[in-house]
1. Conditions: (1) buried (at least 17 other Cβ atoms within 10 Å of the Cβ); (2) assigned to a strand (DSSP E or B). Residue 100 meets all but one. Number of the miss?
2. Has the stretch 234-243 got at least one residue that is touching a helix residue (DSSP H, G or I) at 6+ places or on another chain (Cβ under 7 Å) and either outside any loop (DSSP other than H, G, I, E, B) or surrounded by fewer than 18 Cβ atoms within 10 Å (Cβ to Cβ) (or both)?
3. Just checking, how many residues over the stretch 218-255 are within 17 Å of residue 189 (Cβ to Cβ) and modelled with pLDDT of 95 or more?
4. Among the residues of the stretch 178-188, which ones are part of a helix (DSSP H, G or I), under 15 Å from residue 216 (Cα atoms) and at pLDDT below 75?
5. Would you call residue 119 in contact with a strand residue (DSSP E or B) (Cβ under 9 Å, 6 or more places away or on another chain), modelled with pLDDT under 95 and surrounded by 15 or more Cβ atoms within 10 Å (Cβ to Cβ)?
6. State the number of residues belonging to the stretch 150-166 that are exposed (fewer than 15 other Cβ atoms within 10 Å of the Cβ) and farther than 29 Å from residue 253 by Cβ.
7. Restricting the first residue to the stretch 63-79 and requiring it to be on the phi > 0 side of the Ramachandran plot, which pairs with a second residue that is part of a loop (DSSP other than H, G, I, E, B) and buried (at least 16 other Cβ atoms within 10 Å of the Cβ) meet a Cβ separation below 9 Å and a spacing of at least six or different chains?
8. Being surrounded by fewer than 16 Cβ atoms within 10 Å (Cβ to Cβ), in contact with a helix residue (DSSP H, G or I) (Cβ under 8 Å, 6 or more places away or on another chain), at pLDDT below 95 and not in a loop (DSSP other than H, G, I, E, B) is the requirement here; does residue 175 meet it?
C-alpha cells in the first residue's frame with residue numbers, strides 16, 4: 001500500500017514543482033473540499049481544530065442553518081457549529097474568538113502573516129430564491145493587498161459559498177486540477193465556489209477570476225478603506241450572483257466558510273464578522 005507523505009516537507013516539494021502561487025491556489029481549492037464538503041482532512045481522515053486536536057471529519061453533521069455568533073457568549077475557542085480549517089500545515093493560523101461588541105457577540109479575526117478560517121457543512125439546498133445576508137467590519141487596512149494579483153491576493157474579510165454541479169462537462173484542464181486537489185486531500189472538490197470579498201483596490205461588483213482555476217470566482221462587495229471601522233451589511237441573491245460569475249444556473253449549495261488572510265502580503269489586520277444567514281424569499 002502506498003503511503004502518501006503529507007508532512008511540511010512534502011508540501012514544500014510539491015510547491016517547488018507547481019510554483020508558489022499555483023500551489024496556493026490548489027490549497028484554496030482543497031480547503032473548500034475539506035471543510036465545506038466536510039470530508040477527510042490533509043492528514044488522513046481527521047482535521048485539526050484550533051487547539052491542535054484531531055477529530056474525524058467524516059462525522060461532521062450537515063446542518064440546516066448557519067449557527068449565529070450572536071447566540072453565544074464571548075469566549076475563546078470555536079463558535080458552536082463552525083469548524084476550524086487551515087490552508088497548509090506550515091502556514092500560521094488566523095486567530096478567531098467570540099467578542100462582545102456594543103452589547104452583542106461577534107466573531108473577531110486577527111491575522112498576522114496567516115491564513116485559516118471557519119466553515120459549516122450544510123445539507124444541500126437549492127440556490128433559487130436563496131439570499132445570503134451578513135454584516136462585517138474591516139478594522140485594519142491592507143494597502144499592499146490586490147485581489148487581481150495572485151502574489152498579493154489577501155483580504156480582511158471573505159465569505160465562501162460552495163456549489164454542487166455536473167463535473168463531467170468541465171474542460172480537461174479543470175478535471176486535472178480536480179484530480180490534483182483530490183490527490184492531496186483525498187476527497188473531491190466542489191463543482192464551483194463563489195467568494196464574497198472586501199477588496200482594497202478592486203471596485204464593487206467586480207468579478208475576479210482565480211489565477212489558476214475557473215471554479216473559484218471572487219465578487220467584490222466592499223472596496224477600499226474609506227469605510228474602515230464601519231459595519232457593512234450585505235444581502236446577496238445567490239442564484240443571481242452565481243449566474244453573474246459563471247454564466248449558468250447554479251446547483252445546490254453545500255457549504256459556507258469565512259476566511260481572513262494576510263499570508264501573501266506578509267501583513268497584519270483585524271476584522272469582525274456579524275451573523276451570517278441564509279434567507280429563503282418569494283420571487284417578486
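The values are calculated or read from the model by the stated rules, or taken from the named source; none is laboratory data. Since this is a predicted model, take the numbers as computed values, not measurements. Note: ideal-geometry Cβ built from the backbone for every residue, glycine included; neighbour counts use all protein chains shown.
1. (1)
2. No, the stretch 234-243 has no match at all.
3. 8
4. Narrowing the stretch 178-188 to residues part of a helix (DSSP H, G or I): 178-185.
Among the residues that remain, those that are also under 15 Å from residue 216 (Cα atoms) are: 178, 181.
181, the sole residue that qualifies.
5. yes
6. Of the residues in that region, 1 qualify.
7. Within 9 Å, the pairs are 77/50.
8. So residue 175 passes the test.
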